[in-house]
Amino acid sequence: MTLEEIAKLCNVSTSTVSRVLNNKKGISEKTRKNILDLVKDLEKQEIPILKKTTKTIAFIVPSLSNYFFSTLLKKILIEVENKNIDILVFDINDDIEREIEVIKNLSNKNIDGMILISSSKNDEKFKIKKELLTFTHPFILMDRKLKDASFDGVYVDNIRGVFTLTEYLIKKGKKDITIITGDKNSNISLERIEGYKEALYMNGIEISNGHIVFADFYDSHKIEKSLKAVITEKNYPKTLICCNNIILQTVIKLIMQNNLKINKDITVVSFDNTDFLDNLGFKISCVSPDLDTLVSQSINLILENILNKKNTTRQIDIIPELVEKN
C-alpha cells in the first residue's frame, strides 16, 4: 500500500503520513495514533507499505531570467544527479505574493524539504518570516539572508563582495566611483552599498550620495528609467559598479546607445559572474561567489535538516572572489 492510499484512508495529506512514519513533530496525537493504528493493522495483514525512496526538494527562485539564478539551477540539477533527489522548481517572477502562495501550498505537499531564495524586500520580511515559522517541512535559505531572522542557510557575503570590487577599482587609481544597485528597500541593495561605503571610507575617499543610484534588480525598464539621466553622451560617470547582471546589461545598452566605449570612456565592473559576455567581446571584471560551493553546501545542509542530523542553526557565508578580466 502506498503513502497516498494510507493518507486517503486517514483523511489526511500524504506529507502528514510521511511525517508520522518518520517520527517528525508537529502532528496532533489523535492524527498520529490514527495513522499508526492503520499501519499496525496493515503489518498484521502482511500488506507492505511502499515508502518513497526518492527525496523531493522544492527550489523557489526569484527569476530564472537572471543569469545568476538560471546558472544556480543548472548546477543544482548536476549536484543532485544520481542522488535520488527530485527538484521541483518555482520561478516566482520577483512577486512576493506568489512566493507566499507557493510556500503555503508546499507546506501541504508531499515534499521532503525546500530551498528558498526569497525575493522579499525589507518591508515584506515579516510576511515571509511568518510563513517559514509555520512551514511543515525542513527548509534552508540560499544566497540571501532574511533581515532580522535567523534561519539555516548558505549565504553570499554581499558586503565583502562589493568591498573587494570597490577596493580593486581604487587600487587601479579610480576615485570617482558610482554604484548602481536595486531597490532601496532591498536588504541586498543596502548590504552592497555598505560594502561600497566601507571601501571608500577605509581608503580616505569622500562618500557622495550622488554616486549611489537605486534602481531595480530584475526590471530592465525600471533600471533604464533610473539611469537615463546618469548615462548620457555628454554627461556620464567615469567608473561604474553594477550590482547584478541585469543592471550590467542595461548599462551596456545605454553606453552603446550614447556612442561611448566600455572600459575606455566608462570603466564598468559587476557583482556576479560575467562569463556570458566574454564571447560578445565585453571583458567585464567582477566579483562572484563560487557557485559550485554555494550549491554543494546548500544541498548538504538541506539533506542534513531532512535527516535531522543538526542540533543548532547553521549559517554558512560564501565570500565572492575577484575575477579580473580587463
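If you take the residues of the stretch 189-202 that are among the aliphatic types (A, V, I, L, M) and surrounded by 13 or more Cβ atoms within 10 Å (Cβ to Cβ), which of them is farthest from Asp317 (Cα to Cα)? Taking the candidates together, the pick is Leu200. Within the stretch 1-18, being open to solvent by 40 Å² or more (accessible area, probe 1.4 Å), in contact with a Ser or Thr (Cβ under 8 Å, 6 or more places away or on another chain) and either part of a helix (DSSP H, G or I) or among the acidic types (Asp, Glu) (or both) holds for one residue alone: Glu4.
Let's see how each residue does on (1) within 21 Å of Arg192 (Cβ to Cβ); (2) touching a Lys or Arg at 6+ places or on another chain (Cβ under 7 Å); (3) not polar (S, T, N, Q):
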site	(1), (2), (3)
Gln249	yes, no, no
Leu260	no, no, yes
Lys264	no, no, yes
Asp272	yes, no, yes
Asp275	yes, no, yes
Ser288	yes, no, no
Asp292	no, yes, yes
Ser296	no, no, no
Asn300	no, no, no
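In the stretch 63-83, the residues that are in contact (Cβ under 8 Å) with a residue 40 or more places away in the chain reach residues that are of a type in the set (D, E, K, R) and open to solvent by less than 30 Å² (accessible area, probe 1.4 Å) with C-beta atoms within less than 6 angstrom, at least six apart or across chains, in these pairs: Phe68/Asp272. For first residues located in the stretch 305-326 and open to solvent by less than 70 Å² (accessible area, probe 1.4 Å), partners that are in a strand (DSSP E or B) and modelled with pLDDT under 90 and lie 6+ apart or on another chain with Cβ distances below 8 Å form the pairs Ile306/Lys55.
Conditions tested, residue by residue: (1) open to solvent by 50 Å² or more (accessible area, probe 1.4 Å); (2) not in a loop (DSSP other than H, G, I, E, B).
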residue: Gly204; (1), (2): yes, no
residue: Tyr218; (1), (2): no, no
residue: Lys222; (1), (2): yes, yes
residue: Ile231; (1), (2): no, no
residue: Leu248; (1), (2): no, yes
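For the stretch 20-79, a residue qualifies if it is assigned to a loop (DSSP other than H, G, I, E, B), among the hydroxyl-bearing types (Ser, Thr, Tyr) and either more than 35 Å from the chain's Cα centre (by Cα) or exposed (fewer than 11 other Cβ atoms within 10 Å of the Cβ) (or both), and the qualifying residues are Ser28, Thr53, Thr54. The number of residues in the stretch 172-222 being small (Gly, Ala, Ser) and either closer than 27 Å to Ile128 by Cα or touching a Leu at 6+ places or on another chain (Cβ under 7 Å) (or both) comes to 6.
Just one of the numbered conditions (1) within 13 Å of Gly161 (Cβ to Cβ); (2) open to solvent by 10 Å² or more (accessible area, probe 1.4 Å) is not true of Cys243: (2).
Restricting attention to the stretch 268-304 and to residues that are of a type in the set (Gly, Ala, Ser) and under 21 Å from Arg160 (Cβ atoms), the residue that is surrounded by the most Cβ atoms within 10 Å (Cβ to Cβ) turns out to be Ser298. Being in a loop (DSSP other than H, G, I, E, B), of a type in the set (S, T, N, Q) and on the phi > 0 side of the Ramachandran plot is a property that holds for Asn82.
Looking only at the stretch 152-188, residues that are surrounded by 18 or more Cβ atoms within 10 Å (Cβ to Cβ), out of contact with any Lys or Arg (no Cβ under 7 Å at 6 or more places or on another chain) and at pLDDT below 95 come to 1 in all. For the condition out of contact with any strand residue (DSSP E or B) (no Cβ under 7 Å at 6 or more places or on another chain), among the charged types (D, E, K, R) and more than 24 Å from Leu280 (Cβ to Cβ), Glu206 qualifies.
With respect to being open to solvent by 20 Å² or more (accessible area, probe 1.4 Å), assigned to a strand (DSSP E or B) and not aromatic (Phe, Trp, Tyr), Ile87 fits the description.
Within the stretch 92-108, the set of residues being in contact with a Phe, Trp or Tyr (Cβ under 7 Å, 6 or more places away or on another chain) and either of a type outside the set (A, V, I, L, M) or outside any helix (DSSP H, G or I) (or both) comprises Asp94, Ser107. Residues that are of a type outside the set (A, V, I, L, M) and farther than 17 Å from Ser107 by Cα within the stretch 1-22 comprise Thr2, Glu5, Lys8, Cys10, listed in sequence order. With the requirement that a residue be part of a helix (DSSP H, G or I) and over 17 Å from the mean Cα position of the chain (by Cα), what does the stretch 132-159 give you? Once the filter is applied, which keeps residues that are part of a helix (DSSP H, G or I) and over 17 Å from the mean Cα position of the chain (by Cα), the stretch 132-159 yields only Leu133. Scanning the stretch 116-130 for residues that are of a type in the set (Asp, Glu) and under 14 Å from Glu101 (Cβ atoms) gives a single hit, Glu124.
The values are calculated or read from the model by the stated rules, or taken from the named source; none is laboratory data. Remember, predicted model here, so these are calculated numbers, not experimental data. Counting neighbours? That spans all protein chains shown, and the Cβs are built from the backbone with ideal geometry, glycine included. Note: areas computed on protein heavy atoms with side chains; ligands, DNA, RNA excluded. Shrake-Rupley method; radii C 1.70, N 1.55, O 1.52, S 1.80 Å.
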